[in-house]
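These notes are about the structure you will find just below.
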There are 2 protein chains.
Amino acid sequence: MSLIVQKYGGSSVADAEGLKRVAKRIVETRKAGHEVVVVVSAMGDTTDELLDLAEKVVPVPGGRELDMLLSAGERISMALLAMAIKGLGVEARSYTGSQAGMITDAQHGSARIVDVTPKRVREALDQGAVAIVAGFQGFNRGTGDITTLGRGGSDTTAVALAAALGAEVCEIYTDVDGVFTADPRVVPSARKIDRITSEEMLELAAGGAKVLYIRAVEYARRHGVTLHVRSSFNNNEGTLVVASIEGENVEEPIITGVAADLSEAKITVVGVPDIPGKAAQIFTIVAKTNANIDMVVQNVSTASTGRTDISFTLPKSDAQAALTALTAEQAEVGFDSLQHDDQIGKLAVVGAGMRSSAGVTAQLFTALFEAGINIEMISTSEIRISVVTRADTVNEAVRVVHKAFGLDADTEAVVHGGTGR
Amino acid sequence: MSLIVQKYGGSSVADAEGLKRVAKRIVETRKAGHEVVVVVSAMGDTTDELLDLAEKVVPVPGGRELDMLLSAGERISMALLAMAIKGLGVEARSYTGSQAGMITDAQHGSARIVDVTPKRVREALDQGAVAIVAGFQGFNRGTGDITTLGRGGSDTTAVALAAALGAEVCEIYTDVDGVFTADPRVVPSARKIDRITSEEMLELAAGGAKVLYIRAVEYARRHGVTLHVRSSFNNNEGTLVVASIEGENVEEPIITGVAADLSEAKITVVGVPDIPGKAAQIFTIVAKTNANIDMVVQNVSTASTGRTDISFTLPKSDAQAALTALTAEQAEVGFDSLQHDDQIGKLAVVGAGMRSSAGVTAQLFTALFEAGINIEMISTSEIRISVVTRADTVNEAVRVVHKAFGLDADTEAVVHGGTGR
């Protein structure tokens with residue numbers, strides 16, 4: 001008997017019908033002889049609705065009380081799901097993050113898991129019951145308070161439980177069939193990826209792919225948890241996220257997928273004195289605002305002025321605080337001015353095959369050039385190349401690059417392509 | 001510095017505006033120098049909405065999972081209320097039933113409080129914070145599970161906390177000005193009662209007055225907690241529910257108030273053998289269905305047949321189960337038939353003054369007779385007389401009796417009458 005952790009997102013349990021559909025699937029898995037632990041998110045838009053309500057009460061809700069509020073969402077979905085499963089004749093018990101032993105630090109709104117002690121979950125399984133666990137929430141031992149893990153925290157809950165319980169697989173159910181070579185809404189010819197390494201998945205998630213959260217993929221990678229991203233609306237095989245893909249080197253594609261991200265803004269610090277320590281000074285100031293800096297580019301110094309420009313991207317929501325902090329320190333740092341651009345788009349091409357393939361960067365730039373798309377920033381890692389373009393050209397850039405690297409479903413170059421299962 | 005427990009029902013916190021209004025009142029109480037513990041119900045119709053959702057998932061939701069589901073309602077209201085209070089510059093912290101030490105037995109849906117250990121509430125008060133506690137919910141130590149106290153449980157939570165913390169007063173906020181001599185929607189001339197004994201309040205609540213739940217009044221009586229029932233929409237003094245009313249004997253009214261109840265049905269067991277033990281047998285059968293039997297009347301035996309009829313009232317929702325159970329045992333008990341009547345109304349007149357006043361029953365029956373209202377059942381206690389009439393005559397009966405006992409606001413006989421505060 002193997003143990004399977006299944007995670008269902010809000011769109012899979014948006015209403016009573018969805019809950020019953022998901023319950024049926026869980027019961028089928030249980031009856032197939034598996035032990036089943038289910039992690040569930042709040043129903044549909046519940047979390048956003050609770051946030052809206054909080055914003056009607058106070059301008060900037062947060063901290064302990066916001067976590068207490070938001071944790072009600074999973075409590076509703078998990079209790080209903082347990083009822084639905086029991087209604088199908090299979091014993092089920094729901095557990096809050098606290099009851100399931102999701103121990104976190106005290107950082108409300110973005111708590112980190114420090115320990116997982118799923119004693120009650122294990123007991124429920126030993127008694128033949130399905131255990132339903134609230135995603136997204138935990139408990140701090142020091143304060144005795146409820147915490148939440150931040151957006152996408154339910155994926156992390158599922159992976160952490162899978163690791164702690166030694167699950168065979170952690171199935172992440174969503175409303176799409178798996179991880180695609182690009183967003184199918186942007187690239188209709190995008191193909192579902194059958195298998196992807198966690199390293200590549202991390203880069204795709206960092207590049208803007210929404211299907212999995214970086215944090216959950218990273219947790220899975222570190223703890224050797226196999227993820228299976230699949231649809232809760234059909235029985236198709238989805239995408240397996242694995243540590244490494246053996247025996248496929250011959251056919252290994254250069255590029256696994258293309259991701260895009262429209263949620264970032266660019267800040268340029270203009271006229272920074274080109275002396276050692278200035279970049280460190282700037283990023284220390286920004287770091288104090290808790291801004292999540294993504295790409296950084298420093299232009300070469302203009303010899304005549306001894307000054308340079310430093311550009312970086314960060315979430316749009318973090319930009320204002322960063323600008324304010326930098327302005328306050330302008331005299332200290334000695335830069336000339338700040339530029340703020342929130343009309344950028346980021347494109348990332350990801351593939352483990354890049355490591356052994358020369359010319360990927362050239363091929364990428366050529367494709368974009370031929371399509372008349374201007375590149376504003378470039379950043380590369382071992383298996384990823386990210387470029388910043390105008391926001392309104394990024395979708396076209398994704399299509400062009402997807403085609404150029406032979407990922408389109410109608411070309412022969414597809415290697416990770418699905419078999420239509 | 002005195003400690004005040006305030007309980008706000010769902011109608012007082014139905015939306016963001018209501019929450020802010022209540023927060024303002026709490027902050028005023030705190031700033032007046034009191035320690036404040038707030039017990040809050042779920043917002044508006046949340047509990048009913050959650051129940052509806054559960055019924056869409058399974059035909060008869062119940063047990064552990066229903067309690068888990070319903071407890072989400074208070075979690076939402078209490079977190080929002082804490083935020084609203086903090087937004088006004090006063091520290092506030094919300095606590096679930098479990099965190100506030102509301103220890104109950106394991107009877108899901110109607111748990112009884114077995115211990116109250118409000119350690120964290122006391123700590124919050126010691127640190128100058130307002131403590132917000134979820135009404136209606138508790139925690140069973142043996143199972144580690146969340147429980148709920150049943151409808152009206154928030155009143156009980158408030159009284160239990162007031163008792164455990166030694167509060168000066170437990171204020172029950174509602175959408176009316178206090179306890180009235182009769183339902184003002186039925187009797188426009190009804191008067192607010194300034195002070196009432198807990199004994200009388202118990203009888204009024206048992207008679208159908210909705211403003212307080214029997215269980216909370218009983219808990220308050222046993223633990224010597226003073227209740228103050230008042231409106232959250234104005235600053236008027238409400239009704240004080242006290243152990244006894246001293247020094248007003250001279251003016252003590254015979255009747256304090258009149259209550260009506262349309263939620264009961266009547267079952268008559270026809271042709272019961274008039275031999276010892278038959279009544280006990282019948283009520284044992286009914287008790288096994290957990291029906292809440294209220295009034296019981298046994299007619300005198302018809303000498304010629306040696307048989308008698310036994311009638312009793314019970315909540316309409318309990319009637320079907322009782323009928324089924326009795327039918328199953330008909331041969332065993334030996335009765336002839338069952339009659340079921342769900343078109344009854346119950347009227348109760350309550351007053352401590354009855355003890356020392358002869359003729360109250362006669363006065364009541366005369367008033368009803370003169371109004372042409374037929375009495376079907378009668379039951380009396382030391383300070384209450386209840387009668388059953390046709391459902392469609394009960395409101396008229398309340399008006400007639402209210403007037404007959406001099407409770408109408410425009411008569412001179414009002415004794416407990418308010419001063420317009």
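The values are calculated or read from the model by the stated rules, or taken from the named source; none is laboratory data. Treat the numbers as computed from the prediction; the structure is a model and nothing was measured. So basically every Cβ, Gly included, is an ideal-geometry build from the backbone, and we count neighbours across all protein chains shown. In case anyone asks, the SASA skips ligands and DNA or RNA and just uses the protein heavy atoms, side chains included. Shrake-Rupley method; radii C 1.70, N 1.55, O 1.52, S 1.80 Å.
Looking only at segment A:66-87, residues that are farther than 19 Å from residue A:48 by Cβ, at the interface with another protein chain (Cβ under 9 Å from one of its Cβ atoms) and buried (at least 24 other Cβ atoms within 10 Å of the Cβ) come to 5 in all.
Exactly one residue among A:203, A:171 is acidic (Asp, Glu) and touching a His at 6+ places or on another chain (Cβ under 7 Å), and that residue is A:171.
Of the residues making up segment A:16-37, those that are within 23 Å of residue A:160 (Cβ to Cβ) and within 14 Å of another protein chain (Cβ to nearest Cβ) are A:22, A:26. For segment B:364-395, give me each residue that is open to solvent by 20 Å² or more (accessible area, probe 1.4 Å), modelled with pLDDT of 85 or more and out of contact with any strand residue (DSSP E or B) (no Cβ under 9 Å at 6 or more places or on another chain). B:366, B:369, B:370, B:371, B:372, listed by residue number. Of the residues B:327, B:361, B:313, the single one that is more than 22 Å from residue B:193 (Cα to Cα) and at pLDDT 95 or above is B:327.
Do we have residue B:43 as within 25 Å of the chain's Cα centre (by Cα), buried (at least 23 other Cβ atoms within 10 Å of the Cβ) and outside any helix (DSSP H, G or I) here?
yes
Of all residues in segment B:98-110, which are aliphatic (A, V, I, L, M) and under 11 Å from residue B:64 (Cα atoms)?
B:106
If you check residue B:286 against the conditions, is it surrounded by 15 or more Cβ atoms within 10 Å (Cβ to Cβ) and either more than 27 Å from residue B:205 (Cβ to Cβ) or of a type in the set (Ser, Thr, Tyr) (or both)? Judged against the criteria, residue B:286 is not a match.
Residue A:60 meets all of the listed conditions (1) open to solvent by 50 Å² or more (accessible area, probe 1.4 Å); (2) in a strand (DSSP E or B) but one, namely (2).
You will find that of B:40, B:90, B:13, the residue that is over 18 Å from residue B:154 (Cα atoms) and either of a type outside the set (D, E, K, R) or more than 7 Å from chain A (Cβ to nearest Cβ) (or both) is B:90 and no other. Taken together, the criteria place residue A:5 among residues that are open to solvent by less than 40 Å² (accessible area, probe 1.4 Å), in contact with a strand residue (DSSP E or B) (Cβ under 9 Å, 6 or more places away or on another chain), outside any helix (DSSP H, G or I) and under 24 Å from residue A:164 (Cβ atoms). Being free of Cβ contacts under 8 Å to residues at least 12 places away in the same chain and hydrophobic (A, V, I, L, M, F, W, C) is the filter here; which residues of segment A:54-74 pass it? A:57, A:58, A:60, listed by residue number.
Among the strands (runs of 3 or more DSSP E) confined to segment B:109-225, the ones with at least 3 residues that are open to solvent by 10 Å² or more (accessible area, probe 1.4 Å) are located at B:113-116, B:169-174.
Based on what the data block shows, is residue B:90 part of a strand (DSSP E or B) and open to solvent by 10 Å² or more (accessible area, probe 1.4 Å)?
Spelling it out, it is not the case that residue B:90 is part of a strand (DSSP E or B) and open to solvent by 10 Å² or more (accessible area, probe 1.4 Å).
Against the numbered list (1) more than 19 Å from residue B:67 (Cα to Cα); (2) more than 9 Å from every other protein chain (Cβ to nearest Cβ), residue A:63 comes up short only at (2). Summed over segment A:98-123, residues that are under 16 Å from residue A:156 (Cα atoms) and among the acidic types (Asp, Glu) total 2.
With respect to the conditions (1) out of contact with any Ser or Thr (no Cβ under 6 Å at 6 or more places or on another chain); (2) of a type in the set (Gly, Ala, Ser); (3) away from every other protein chain (no Cβ under 13 Å), residue B:106 falls short on a single one, namely (1). Among the numbered conditions (1) assigned to a helix (DSSP H, G or I); (2) open to solvent by 10 Å² or more (accessible area, probe 1.4 Å); (3) at pLDDT 95 or above, the only one that residue B:48 does not meet is (3). Within segment A:8-36, being touching a residue at least 24 places away in the same chain (Cβ under 8 Å) and outside any helix (DSSP H, G or I) holds for A:8, A:9, A:14, A:15, A:33, A:34, A:35, A:36. Whether a residue is touching a residue at least 12 places away in the same chain (Cβ under 8 Å) and in contact with a Lys or Arg (Cβ under 9 Å, 6 or more places away or on another chain) was assessed, and residue B:382 passes this test.
Residue under question is residue B:267, and the condition is that it be touching a residue at least 60 places away in the same chain (Cβ under 8 Å), closer than 24 Å to residue B:388 by Cβ and surrounded by fewer than 22 Cβ atoms within 10 Å (Cβ to Cβ); does it hold? Here the answer is no, as residue B:267 does not meet what is asked.
Taking helices (runs of 4 or more DSSP H) as the structural unit, those lying wholly within segment A:274-367 and holding at least 1 residues that are within 20 Å of residue A:262 (Cβ to Cβ) and basic (Lys, Arg) correspond to A:316-328. The condition of being touching a Cys at 6+ places or on another chain (Cβ under 6 Å) and more than 26 Å from residue A:133 (Cα to Cα) holds for only one of B:159, B:121, B:130, that being B:159.
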